[in-house]
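The next block holds one structure in the form of structure tokens; read it before the comments.
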């Protein structure tokens with residue numbers, strides 16, 4: 001499985017980002033997290049990581065923070081991912097009650113966020129990237145990142161390429 005997609009709070013599993021990733025030829029699974037609070041989403045997504053073994057997790061807005069936390073929980077359970085892409089993530093939200101996992105990059109991590117985002121503060125993405133070594137890509141867009149769909153696909157594919165197993169070189 002290539003990608004586990006985590007949708008936002010007010011969107012559905014098979015929205016524009018999901019279709020952009022699928023349309024690019026990627027294998028994508030997108031659990032339905034509608035009507036679930038953050039703790040429930042994290043549990044559902046961590047179980048999906050264990051079940052589907054995605055190489056990359058892509059999360060949008062509320063799904064960004066949920067995907068991050070689920071990837072960390074899954075890693076603690078022995079199910080590591082190879083890359084994480086967060087799109088305008090809701091990083092300013094606190095961890096849900098009872099979740100003690102420390103926030104960090106569970107794998108090479110890219111954040112795509114617009115400084116003009118009116119929903120999730122860009123400053124939270126800046127702070128996370130600076131503190132944890134994620135790569136922050138600033139785009140001229142709004143919270144939905146509709147104009148940035150090609151960049152989301154490109155960065156997802158790059159995470160997959162970068163994580164591809166390297167063939168050993170033969171020396172003679």
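Nothing in this text is a laboratory measurement; each read-out follows from the coordinates by a stated rule. Everything numeric in this text was worked out from a predicted model, so none of it was measured. No Cβ is skipped: glycine too gets one built from the backbone with ideal geometry, and neighbour counts run over all protein chains shown.
Worth pointing out:
- Within the range 104-123, the set of residues being within 15 Å of the chain's Cα centre (by Cα) and either surrounded by fewer than 19 Cβ atoms within 10 Å (Cβ to Cβ) or within 19 Å of residue 18 (Cα to Cα) (or both) comprises 104, 107, 108, 109, 110, 111, 112, 113.
- Residue 4 under 22 Å from residue 72 (Cα atoms) and in a strand (DSSP E or B): yes
- Scanning the range 33-62 for residues that are on the phi > 0 side of the Ramachandran plot and surrounded by fewer than 23 Cβ atoms within 10 Å (Cβ to Cβ) yields 35, 53.
- Test: residue in the range 14-35 that is outside any helix (DSSP H, G or I) and closer than 20 Å to residue 101 by Cα: no
- Residue 23 passes every criterion in (1) touching a helix residue (DSSP H, G or I) at 6+ places or on another chain (Cβ under 9 Å); (2) closer than 23 Å to residue 129 by Cα apart from (2).
- Filter pass, residue 92 being free of Cβ contacts under 8 Å to residues at least 60 places away in the same chain, surrounded by 23 or more Cβ atoms within 10 Å (Cβ to Cβ) and either touching a helix residue (DSSP H, G or I) at 6+ places or on another chain (Cβ under 6 Å) or on the phi > 0 side of the Ramachandran plot (or both): no
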